[in-house]
Amino acid sequence: MNKIKNIYNRYEYYINYIMLISINLSTSILNYISSIYINRSLSISDFAQYNGLLNIYTIISLTLSSFSYYIMHNYKESEDAKKYWAFAYFFASIITILHILSIPLIDILFNIKSYISILIIAIATFITILFLVSQSILRINNYIKYDYISAFISTLLIKIILLAYFIISGLSLVKTTSLMLLFPIIYLAIHIVKLKKINIPYYIKIKEIKKYINKKELQILLTSIINIIIINFIFNWISLNDVLMANRYLDKISAGYYSTISLIVKMFFYIATPISTIMFSYIIIAMRENNKNKEKKIIYSAFLFFIICSILLSIFLVIFAKEIVLIQFTDRYSSIIPLIPKACLFGFSLGFALLVFNYSLAYKLYKPFYFYMLIFLYSYLSLRNGNRDFDSFINTMNIFFILLLVYNIIILISHRIMKN
């Protein structure tokens with residue numbers, strides 16, 4: 001027993017890192033499996049709309065996670081939680097109202113006709129802002145494992161049990177979208193149980209909000225996170241705009257084909273997500289401890305692990321491309337089989353970008369991401385002024401993701417050189 005304990009103490013960082021990645025990766029696998037079932041159960045055009053809604057929700061959620069980074073950098077004691085809950089209620093209300101008012105605009109821009117589904121996403125956004133607070137408080141108090149287990153349980157309940165019921169009873173676009181609302185509700189509920197147990201404020205009374213929501217406090221908050229909000233939006237828009245652009249510039253069937261390709265791309269994103277978020281949390285903790293060696297160990301192991309996993313995944317996907325497409329998505333998507341190698345490139349570029357972005361947020365490195373808009377400008381002008389057919393769209397995305405990968409490599413290498 002003592003020998004095992006000594007081994008654990010010696011390799012504690014690696015064991016905990018692998019454990020957290022395994023939990024989060026299990027969640028990602030559940031998400032991927034559910035995406036396959038949704039793809040097979042919805043029509044090609046409905047799946048394109050669902051993927052568009054999912055990307056809109058993801059862009060908004062990840063942009064709003066700027067608040068989470070603010071909490072992680074500024075949290076000092078449990079009483080701070082009340083202030084963060086007050087901000088969450090305030091901003092969640094404003095953003096949700098704006099989201100609801102923009103429903104007709106979303107239809108015009110991205111050809112999403114289900115207003116009920118867009119309304120569901122707006123409500124899900126409100127709950128998501130609340131769980132960003134609970135998530136951040138748990139993580140900064142070193143309950144990272146509990147947070148990831150909460151996400152796994154929520155995903156298991158929503159994406160497997162309820163999705164299975166919906167498929168048996170008849171899956172529709174509205175039912176599928178409702179899963180995006182139920183997930184944050186369950187996720188937040190599990191967080192609240194833990195916060196209550198460890199005696200950290202898990203809500204704030206409405207009448208107490210005025211105590212924190214004043215001109216001075218809002219100015220401090222907005223001044224602190226304005227850069228993060230802007231670059232967070234830019235990054236998430238750049239990373240996830242391809243599906244929305246497919247909905248805008250391609251016919252419904254072609255958009256459905258690209259949405260299916262995006263599922264392959266998301267495999268790499270699912271690998272990168274746990275690695276990058278855990279990397280961010282541990283970098284913050286290492287900086288608090290002023291442990292430079294631990295910082296380097298975290299960074300190099302995170303990028304190396306992602307690269308190795310991506311290479312292995314790419315080899316598997318390319319070798320078994322035909323079987324993967326036909327078994328998972330049925331023969332109606334057989335035309336995308338030759339595009340699997342490009343999907344691997346897209347996925348690796350997206351996953352690498354996510355790691356670089358979280359790395360940069362940990363070091364408050366914001367300016368390089370403003371130049372992302374030049375990369376988007378290229379793709380936008382190419383799609384707007386070029387041929388609006390599937391092959392032209394794929395070629396444009398191919399150049400877009402190559403540019404994205406090269407630029408992120410430059411960001412990472414140049415900052416490491418400056419740090420050393």
Point to revise | Cα convex hull volume per residue for the stretch 302-420 (Å³) | key: 112
Check your understanding: Is there a pair in 297/342; 82/210; 145/367 whose C-alpha atoms are over 22 Å apart, and which pairs would that be?
Key -> 297/342; 145/367
**Study point:** Unit charges on C-beta of K, R, D, E only; dipole of the chain, Debye
**Key:** 1240
Point to revise | For the stretch 341-420 and the stretch 315-338, distance of Cα centres in Å | key: 26
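Counting pairwise Cα distances across the chain, what percent come out greater than 33 angstrom?
Details: 28739 of 87990 pairs.
That tail contains 33 percent of the Cα-Cα pairs.
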Revision key, fill the gap. So, with points 7 Å from each Cα along the Cβ direction, the residue 43-residue 331 label distance in nm works out to 2.2
Point to revise | Euclidean distance of C-alpha centroids, the stretch 100-176 and the stretch 220-251, integer Å | key: 18
Practice item. Treating each Cα of the stretch 230-348 as an identical point scatterer and ignoring solvent, apply the Debye formula and state log10 I(q)/I(0) at q = 0.23 Å⁻¹. Key: -1.27
Revision key, fill the gap. Quick calc: nm separation of the 7 Å Cα→Cβ label points for residue 217 and residue 322 -> 6.4
Review point. Given only helices, namely DSSP H runs of n ≥ 4 each adding -39500 (n - 2.57), what is the per-residue ellipticity at 222 nm of the chain, to the nearest 500 deg cm²/dmol?
Key: -28500 deg cm²/dmol
Review point. Karplus couplings for the stretch 180-192 from phi (6.51 cos²θ - 1.76 cosθ + 1.60, θ = phi - 60°), rounded to Hz, Gly and Pro as x?
Key: 5, 7, 5, 4, x, 5, 5, 4, 5, 4, 5, 4, 4
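On a full-extension model of 0.36 nm per residue, what is the gain between residue 105 and residue 389, subtracting their alpha-carbon distance, rounded to one decimal in nm?
On the way: separation 284, 0.36 × 284 = 102.24 nm, distance 2.42 nm.
Length gained between residue 105 and residue 389: 99.8 nm.
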Review point. What ³J(HN,Hα) values, in whole Hz, does the Karplus curve 6.51 cos²θ - 1.76 cosθ + 1.60 give for the stretch 58-65 when θ = phi - 60°, with x put for Gly and Pro?
Key: 5, 4, 5, 4, 5, 5, 5, 5
Exercise for review: Under 1.5 on a/c is rounded, so check that first for the stretch 165-310, then, if it is not, pick prolate when a/b is larger than b/c and oblate when it is not; a ≥ b ≥ c are the square roots of the alpha carbon gyration tensor eigenvalues.
Suggested key: oblate
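Ignoring ligands, DNA and RNA, what accessible area per residue does the chain give at 1.4 Å, in Å²? If you can, show how the numbers build up before the last one.
Details: 18930 Å² over 420 residues.
Here the per-residue accessible area is 45 Å².
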Review point. Cross-link partners among lysines for residue 113, C-alpha distance below 23 Å, same-chain residues fewer than 8 apart left out?
Key: 175, 252
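For the chain, what's the relative contact order in percent, using C-alpha pairs closer than 8 Å and at least 6 residues apart?
22
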Practice item. From zero up to wherever the largest Cα-Cα distance of the stretch 375-420 sits, split into 5 Å bins and tell me the percent of pairs in each. Key: 5, 20, 23, 15, 12, 9, 8, 5, 3, 0
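The values are calculated or read from the model by the stated rules, or taken from the named source; none is laboratory data. The shown structure was predicted, so the numbers you read here are calculated from the model rather than taken from an experiment. Please note: Cβ atoms are built from the backbone with ideal geometry, for glycine as well, and neighbour counts cover all protein chains shown. Accessible surface is based on the protein model in full, side chains and every heavy atom, while ligands, DNA and RNA are left aside. Shrake-Rupley method; radii C 1.70, N 1.55, O 1.52, S 1.80 Å.
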